[in-house]
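Please treat every number below as a calculation from the coordinates, not as lab data. Here the structure is a predicted model, which means the values were calculated and not measured. Positions of Cβ are generated from backbone atoms using ideal geometry, with glycine treated the same way; all protein chains shown enter the neighbour counts.
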Amino acid sequence: MRRKLVAGNWKMNGSKAFINDFQKEFSATVGEFSQVDVALFPPSLLICDAAKHFASSGVVIGAQNVSQFENGAYTGEISAAMLLDVACDAVLVGHSERRALFGEDDCVVLSKVRAAIDVGLAVILCVGETLLERESALVEEVISRQIKFVLNALTLDELSKVTIAYEPVWAIGTGETATPEQAQQVHAFIRGLVAEKDQALSSKMRILYGGSVKPDNAEEIFSKPDVDGGLIGGASLLVADFVSIVRSAIKAS
């Protein structure tokens, strides 16, 4: 059985003081979470502080972005090796905000996945459709393109380090959420795509749901057979809400 994972994407929010306060409140409950995996993705400047505060807690600390380049004259970029050097264990790649706001296409996404895996970082690969694409009945076409571009380029060993996060773009930060049935439908489709590559990989790979997950809808979403947890945005900035969502993952396990 796949172990649930709840990952918090703080986006461009937080501070040293915020991490300190978050850790103090979260640490009072972390003993409850042996049945699930928990990860936090703070802004890059806060990764070191987060790693120190959550050391020995079992909470994985990750980055929200990574350069596709190993090193060199790439002003402002942060390499995978640099992330690894500051106790970062995972990275988000392909988030819709990176695709839409910063022009990261499938080629760039694949390059970043490779860069991360090459140094030993785990990857959460984000995929998802816009509202227009959903209304145009293009969900499967879009998801298939985004995922197969990576699936077809990597070995099974490399893909074993990848978790997929389905985030319908129309549900990110909007208050709108895919129904549990809609989420399950797409997650099952994604698992089928992975199965075309390898059945064993498909049965092991975790597929997360992201898109306005909150304490009041998390358990129902996480209870679906192909939903293995969530990538949480705004609710991960509120300790009480995030803890409640993690508890929902435990109940749905």
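Ignoring lysines fewer than eight residues from K224 along the same chain, the ones with Cα atoms less than 20 angstrom from its Cα are K4, K204, K214, K251. Placing unit charges on each Cβ (+1 for Lys and Arg, -1 for Asp and Glu) gives the chain a dipole about its Cα centre, and among A28, G62, Y166 the Cα reaching farthest toward its positive end belongs to A28.
Compared with the direct C-alpha span, the chain from E70 to L45 gains 7.1 nm at full extension, assuming 0.36 nm per residue. Suppose we look only past 23 Å in the calculated P(r) of the chain. What percent of the Cα-Cα pairs does that tail hold? Distances greater than 23 Å cover 47 percent of the Cα pairs.
Note on the chain: with charges restricted to the Cβ of Lys and Arg (+1) and Asp and Glu (-1), its dipole about the Cα centre is near 460 debye.
Under 5 Å between amide hydrogens, built in the peptide plane, is the criterion, and for V60 it picks out V38, A39, L40 among residues at least 5 positions away or on other chains. For region 56-68, backbone phi angles converted through the Karplus equation (6.51, -1.76, 1.60; θ = phi - 60°) give residue-by-residue couplings of 6, 8, x, 7, 7, 10, x, 10, 8, 7, 8, 6, 7 Hz, Gly and Pro being listed as x.
Between A87, A165, A218, the Gaussian network model of the chain with springs among Cα atoms under 10 angstrom shows the greatest mean-square fluctuation at A87.
Stretched out straight at 0.36 nm per residue, the stretch from A240 to A188 would grow longer than its current Cα-Cα span by 15.7 nm. Computed extension length for S223-T155: 21.5 nm, one decimal, from 0.36 nm per residue of separation with the Cα-Cα distance subtracted. Here the Gaussian network model covers the chain, with springs between Cα atoms less than 10 Å apart; of V66, V119, V227, V119 fluctuates the most.
Pull out a ≥ b ≥ c, the square roots of the eigenvalues of the alpha-carbon gyration tensor of region 17-150, then state rounded if a/c is under 1.5, prolate if not and a/b is larger than b/c, and oblate in the remaining case. In terms of gyration-tensor shape, oblate.
Put in order of Cβ neighbour count within 10 Å, fewest first, the listed residues K16, K112 become K16, K112. Between R145 and S15, the modelled labels are 4.2 nm apart [label points 7 Å from Cα along Cα→Cβ]. Here the residues S96, S111, S15, ranked from fewest to most Cβ neighbours within 10 Å of their Cβ, fall in the order S15, S111, S96.
In the chain, the calculated helix contribution to ellipticity at 222 nm averages -12500 deg cm²/dmol per residue, counting -39,500 (n - 2.57) for every DSSP H run with n ≥ 4. Once the Cβ-Cβ distance of A195 and S136 is raised to the sixth power relative to R0 = 25 Å, the FRET efficiency obtained is 0.45.
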